[in-house]
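Below: the structure, in structure tokens.
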């Protein structure tokens with residue numbers, strides 16, 4: 001299982017803790033970017049931390065103005081850029097814009113959003129991020145009903161020969177990972193970063 005470690009729950013000594021994460025075998029550092037509009041909370045600017053991150057970046061934009069944030073964060077050279085299908089903008093245009101910048105493109109959907117909203121884009125995208133909590137805050141409880149979305153997306157991928165990866169984010173820990181066996185990537189934050197031994201927590205997810 002691929003692990004993407006979210007740093008959303010890190011409140012202090014972030015440079016030191018990023019260095020600690022660099023020493024683990026986590027596959028990605030997951031950056032949750034929030035604008036206080038698309039979701040209630042607003043996050044720090046992560047760009048000043050770019051020299052402290054040695055792992056590939058998995059960027060999750062929970063924002064209304066995706067193009068502006070994309071321009072700002074491209075200097076961090078994220079491997080994956082994911083935005084929400086619920087944004088009030090031209091999704092097709094955003095997909096092409098991200099691809100033009102030589103980055104992989106992901107689309108996320110809130111727990112309440114049906115998978116059908118993604119159907120027009122499945123052939124073009126590299127990743128689908130299934131939110132297993134409401135977006136906007138860390139440390140929430142996993143919502144079991146999203147498991148059917150994961151299973152449906154895997155079945156569609158197999159039937160139609162699509163190539164997107166399935167990522168799950170929200171309430172992921174050593175117990176809830178069993179609900180996500182059909183996924184390719186698990187995003188976990190507080191389960192990893194609220195403990196002293198990051199590698200031990202990552203090993204439990206794998």
Margin query: Within the range 70-78, does at least one residue satisfy the condition of being within 19 Å of residue 172 (Cβ to Cβ), surrounded by 14 or more Cβ atoms within 10 Å (Cβ to Cβ), modelled with pLDDT of 95 or more and touching a strand residue (DSSP E or B) at 6+ places or on another chain (Cβ under 9 Å)?
Written below: no
Worksheet item: Given the structure, is residue 202 more than 27 Å from residue 40 (Cβ to Cβ) and either touching a strand residue (DSSP E or B) at 6+ places or on another chain (Cβ under 7 Å) or without any contact (Cβ under 8 Å) to a residue 40 or more places away in the chain (or both)?
Response: yes
In the range 131-188, residues that are in a helix (DSSP H, G or I), free of Cβ contacts under 8 Å to residues at least 60 places away in the same chain, in contact with a strand residue (DSSP E or B) (Cβ under 7 Å, 6 or more places away or on another chain) and under 20 Å from residue 28 (Cα atoms) total 1
Checked the range 154-206 for anything closer than 15 Å to residue 127 by Cα, at pLDDT 95 or above and buried (at least 22 other Cβ atoms within 10 Å of the Cβ); matches are 164, 167, 168, 183, 185, 186, 187
Selection from the range 33-42 of residues touching a residue at least 40 places away in the same chain (Cβ under 8 Å) and either under 18 Å from residue 15 (Cα atoms) or in contact with a strand residue (DSSP E or B) (Cβ under 6 Å, 6 or more places away or on another chain) (or both) yields 33, 34, 38, 39, 41
Scanning the range 43-64 for residues that are in contact with a strand residue (DSSP E or B) (Cβ under 7 Å, 6 or more places away or on another chain) and in a loop (DSSP other than H, G, I, E, B), the one farthest from residue 22 (Cα to Cα) turns out to be 64
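Working only within the range 14-42, note down all residues that are in a loop (DSSP other than H, G, I, E, B) and modelled with pLDDT of 95 or more. Don't jump to the end; show me each part of the working.
Going residue by residue through the range 14-42, those that are in a loop (DSSP other than H, G, I, E, B) are 23-27, 36-41.
Of everything in the range 14-42, those that are in a loop (DSSP other than H, G, I, E, B) and modelled with pLDDT of 95 or more turn out to be 23, 24, 25, 26, 27.
The values are calculated or read from the model by the stated rules, or taken from the named source; none is laboratory data. All of these numbers come straight from a predicted model, not from anything done at the bench. Note that we place each Cβ from the backbone using ideal geometry, even for glycine, and neighbour counts take in every protein chain shown.
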